[in-house]
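Peer 1: First, the structure itself, so that you have it in front of you.
All of the numbers you see were taken from the coordinates with simple rules; none came from a lab. For clarity, every value in this text was computed on a predicted model and none was experimentally measured. In this analysis, Cβ positions are derived from the backbone assuming ideal geometry, glycine residues included, and neighbour counts consider all displayed protein chains.
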Protein chains: 2
Amino acid sequence: MKKQPGRFKAVILAGGSGERFWPLSTPERPKQFLSVFGKESLLRASVSRLKGLVEPEDVFVITSKSLVAATRRELPEVPRRNIVGEPVRRDTGAAVALGTAVAGEGTIGFFSSDQLIARPARFRAAVRKAAALARRSGSIVTLGITPTYPSTAFGYVNPANGKFVEKPDAATAAKYVKAGFLWNAGMFIAGAETFREAFRLHAPALAPLAAKRPSDLVSAYEALPKTSFDYAVMEKASNVAVVPGDFGWDDVGGYGAFERYFPADGAGNVVSGDVKCVESGENICITRGAKVALFGVEGLVVAVTKDAVLVAKKSRVSEMKKLFAKS
Amino acid sequence: MKKQPGRFKAVILAGGSGERFWPLSTPERPKQFLSVFGKESLLRASVSRLKGLVEPEDVFVITSKSLVAATRRELPEVPRRNIVGEPVRRDTGAAVALGTAVAGEGTIGFFSSDQLIARPARFRAAVRKAAALARRSGSIVTLGITPTYPSTAFGYVNPANGKFVEKPDAATAAKYVKAGFLWNAGMFIAGAETFREAFRLHAPALAPLAAKRPSDLVSAYEALPKTSFDYAVMEKASNVAVVPGDFGWDDVGGYGAFERYFPADGAGNVVSGDVKCVESGENICITRGAKVALFGVEGLVVAVTKDAVLVAKKSRVSEMKKLFAKS
């Protein structure tokens, strides 16, 4: 096949650790394998929604080494060699660099496996627009999500100048939303060469990885810094452009996503599976195993599989990593 | 065998409904089959602790019709005909009357299957003393438990005059304890003829049942009043005597019993099974199935079997019947 500089390729970053949705997800079956939000797993949906935009042989997945086999089973149409496992986690900086190397040429879009997109046609239109802009301008184009509330959980991007800002406090978030800033959803589109150039300029430690897929990933990864792509490149680059997107995006960052995705009962309970709520309100309860009865409780997250049960205070689920800390 | 008027017989009342310990207990395996408090089930232990006091052929059990088979399996040494199932529940009034009929003659002690007794030798000594007093005096002798705190969950008995009083409020309970009143634990010892006479005098509707085991229990039970033995007989009878008992009695009335029976961790959590508590306190968590993690929660009862999970507010477990109300 002739080299096509304009050809669009998609790299899915699928490296979840399984902690935020434990026990529904586990280190062996992290978040991207969750299918509680629909018939498809998040990972499966992240590739399905690219249909029409990219051919299966142009889909690449960067995941953990231990998840390569499961990822290949989930995405049988994606060539086996396109699914690459990182030997250790080095944050999104290394993952984008490795993705650039394995995709090789063309225009590359980076997407997360851990997101919901309610309106995929609008998503594809936005990606097409971003890819065209990237080709035309030589910029790294980010899809900025039109905020639906002043979230403090996301970074923002100023669409006027492409400047990235970190997760704000509540007051600053309100100001950002008022000023028309968009959520940084971690979706980046640029030419392969543009990515490589950005690494060379702003993150030289990652530049060799972006340039060429190493034959020995283990030793290549050993020395890599643990740094996010936002921090390593996007906050420093000047050739950044923004395409706004309003396609029902949700980052599925934790149990709170259930409240955004599923309707609540009259008492504010969001449930999935065989759950009975009696004089209980504002709970999130998901069971994939035994039936559950809540009695007289409020503001809890209860998640049940056949192996494990979580009972947590809803306002503290963002701290769930503490459950897994070595004591 | 020659008729022995002094022979001691024990009737175990084992009619639990399974609601207060749901899901550890269920209507099919109610509280008396729970073995969470030791190696033996509560039912098994209630018979085992009578050893030396009564022969197996003099042990009788009144249970629900649907539980006869399971009860016989649990108590293989007890003759099958001694285990009798009530066709419908008519409270303890009917159960004591039926027990009197099936035990027939001798001195009869009524005991609950739903209790823990930490010091069985002291319990047996108290029963012997009560049986001797019953024979000597012709009284209905009740074992009055020395209170360990001013409970509002039990009725009390005044040892000076054998007068029963209903469950008090907190202030009255404190007064009762100060006055030396004892807990009414629902254990009654008297001659068979004394019981029959008491029914004739105070609860004539139950007297025919106490006099003779009916050939057709279903039609005999249909017309019976639903009334407790305390209310129907003990509160009215004048020939009541009290033997105080201090043998580590607990009525296992609900999940709160776990806090009295098992030691708590430093944060006040009482757990049984594979349970991890992180920044959580004052919970009761029992699992007989999946492992459980509690995170950031307080004052809950969490109970897990392979079929069902309960998450309830600890201060409200006495209202658990609401879970089973037809809606």
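Peer 1: At 7 angstrom along the Cα-to-beta-carbon line, where would the label on A:Gly138 sit relative to the other copies? Give the distances in nm, shortest first.
Peer 2: Once sorted, the set of distances for A:Gly138 reads 11.7 nm.
Peer 1: If you don't mind, another one. Mind listing which trypsin sites (Lys or Arg not before Pro) in segment B:1-59 are in a DSSP loop and have 13 or fewer other Cβ atoms within 10 Å? If you can, show how the numbers build up before the last one.
Peer 2: Working: sites: B:Lys2, B:Lys3, B:Arg7, B:Lys9, B:Arg20, B:Lys31, B:Lys39, B:Arg44, B:Arg49, B:Lys51; in loops: B:Lys2, B:Lys3, B:Arg7, B:Arg20, B:Lys39, B:Arg49, B:Lys51.
Passing both the DSSP loop test and the Cβ count: B:Lys2, B:Lys3, B:Lys39, B:Lys51.
Peer 1: Right, something else. What are the residues whose amide H is under 5 Å from the amide H of B:Val242, where those residues sit 5 or more places off or on another chain and H is modelled from the backbone?
Peer 2: Under 5 Å from the amide H of B:Val242: B:Thr142.
Peer 1: Just grab the label-to-label distance for A:Tyr261 and B:Thr146, each label 7 Å out from Cα along the Cβ direction, in nm (one decimal).
Peer 2: The answer from the label model is 6.0 nm.
Peer 1: Semi-axes of segment A:119-251's equivalent ellipsoid from the Cα gyration tensor, sqrt of 5 times each eigenvalue, largest first, rounded to whole Å? Intermediate values should be presented prior to the final figure.
Peer 2: Working: eigenvalues 150, 64, 37 Å².
Rounded to whole Å, the semi-axes are 27, 18, 14.
Peer 1: Can you work out the Karplus-derived ³J(HN,Hα) for every residue in segment A:53-65? Use 6.51 cos²θ - 1.76 cosθ + 1.60 with θ = phi - 60°, whole Hz, and x for glycine or proline.
Peer 2: Coupling constants for segment A:53-65: 9, 8, 7, x, 6, 9, 9, 10, 10, 9, 9, 7, 3 Hz.
Peer 1: Then there is this: Taking all pairs of different Cα atoms in segment A:243-327, averaging 1/r and flipping that mean, what Kirkwood radius in angstroms comes out? Walk me through the numbers on the way to the answer.
Peer 2: Details: mean 1/r = 0.0720 Å⁻¹.
After inverting the pairwise mean of 1/r, the radius is 13.9 Å.
Peer 1: Let me ask something else. Once you place label points 7 Å from the Cα toward the Cβ at A:Glu298 and B:Ala121, how far apart are they in nm?
Peer 2: It is 5.2 nm.
Peer 1: Follow-up question, since we're still on this one. Helix B:91-103 against the longest principal axis of chain B: what's the angle in degrees, Cα atoms only, rounded to the nearest 10?
Peer 2: 50 degrees
Peer 1: As an exercise, use a Förster radius of 41 Å and the Cβ-Cβ distance of B:Ser17 and A:Lys326 to find the FRET efficiency, rounded to the nearest 0.05. The partial results should precede the final answer.
Peer 2: Working: r = 45 Å, r/R0 = 1.09.
For R0 = 41 Å, the calculated efficiency reads 0.40.
Peer 1: Using only Cα atoms, what is the ratio of the radius of gyration of segment A:1-145 to 2.2 N^0.38 Å? Spell out each step's value before the answer.
Peer 2: Details: Rg = 14.9 Å, N = 145, 2.2 N^0.38 = 14.6 Å.
After normalising by residue count via 2.2 N^0.38 Å, the value is 1.02.
Peer 1: Here's another thing I want to ask about it. Using a Gaussian network model of chain B whose springs link C-alpha atoms within less than 10 Å, name the residue from B:Ser280, B:Ser272, B:Ser215 with the highest mean-square fluctuation.
Peer 2: The residue with the greatest mean-square fluctuation here is B:Ser215.
Peer 1: Find the Rg to Rh ratio for chain B, where Rh is the Kirkwood radius over alpha-carbon pairs and Rg uses the same atoms. All intermediate terms of the calculation are to be shown ahead of the outcome.
Peer 2: Details: Rg = 20.1 Å, Rh = 20.7 Å.
With Rh from the inverse mean 1/r over Cα pairs, Rg/Rh is 0.98.
Peer 1: I've got another one for you. Label position 7 Å from Cα toward Cβ: report the copy-to-copy distances for A:Ala125 in nm, one decimal, ordered from shortest.
Peer 2: Between copies, matching label points for A:Ala125 lie 8.8 nm apart.
Peer 1: Also: Straight-line reach from B:Lys9: which lysines have a Cα under 20 Å away, not including same-chain ones fewer than 8 places off?
Peer 2: Answer for B:Lys9, where 20 Å is the Cα cut-off: B:Lys51, B:Lys129, B:Lys212, listed by chain and number.
Peer 1: A further question follows. What residues qualify as long-range amide H neighbours of A:Phe8, i.e. H under 5 Å apart, gap of 5 or more or another chain, H built at 1.01 Å from N?
Peer 2: A:Thr107
Peer 1: What number, rounded to the nearest 500 deg cm²/dmol, is the helix-based mean residue ellipticity at 222 nm of the protein assembly as shown, given -39500 (n - 2.57) per DSSP H run of at least four residues and division by all its residues?
Peer 2: Details: 18 runs with 164 residues, N = 654.
Counting only the DSSP helices, I get -7000 deg cm²/dmol.
Peer 1: Can you list, shortest first and in nm, the gaps between the label point of B:Gly38 and those of its counterparts in the other copies, using a point 7 Å from Cα in the C-beta direction?
Peer 2: 5.7
Peer 1: Here's another thing I want to ask about it. How much length would be gained if the chain were fully extended between B:Glu222 and B:Arg136, taking 0.36 nm per residue of separation minus their Cα-Cα distance, in nm to one decimal?
Peer 2: Details: separation 86, 0.36 × 86 = 30.96 nm, distance 3.66 nm.
In short, 27.3 nm is gained.
Peer 1: Round to the nearest 10 and give me the degree value, 0 to 90, for the angle of helix B:192-202's Cα axis relative to the longest principal axis of chain B.
Peer 2: 90 degrees
Peer 1: Compute and list, largest first, the equivalent-ellipsoid semi-axes of the protein assembly as shown from the alpha carbon gyration tensor, each √(5λ) rounded to a whole angstrom. Write down the numbers at each step before the final one.
Peer 2: Details: eigenvalues 1037, 101, 83 Å².
Equivalent ellipsoid semi-axes, largest first: 72, 22, 20 Å.
Peer 1: Would you grab the residues whose amide H sits under 5 Å from the one on A:Ser112? Only those 5+ places off in sequence or on another chain, please, with H modelled 1.01 Å from N.
Peer 2: Amide H neighbours of A:Ser112: A:Leu13.
Peer 1: When the Cα centres of segment B:33-67 and segment A:142-188 are compared, how far apart do they sit, in Å?
Peer 2: Result: 67 Å between the Cα centres.
Peer 1: What FRET efficiency do you get for A:Glu235 and B:Asp307 if R0 is 51 Å and r is their Cβ-Cβ distance, rounded to the nearest 0.05? Write down the numbers at each step before the final one.
Peer 2: Details: r = 52 Å, r/R0 = 1.02.
Given R0 = 51 Å and the Cβ-Cβ separation, E is 0.45.
Peer 1: Another question about this same structure. How much length, in nm to one decimal, is gained on full extension between B:Ser315 and B:Ala171, taken as 0.36 nm per residue of separation minus their Cα-Cα distance?
Peer 2: On the way: separation 144, 0.36 × 144 = 51.84 nm, distance 1.94 nm.
Extra length from B:Ser315 to B:Ala171 when fully extended: 49.9 nm.
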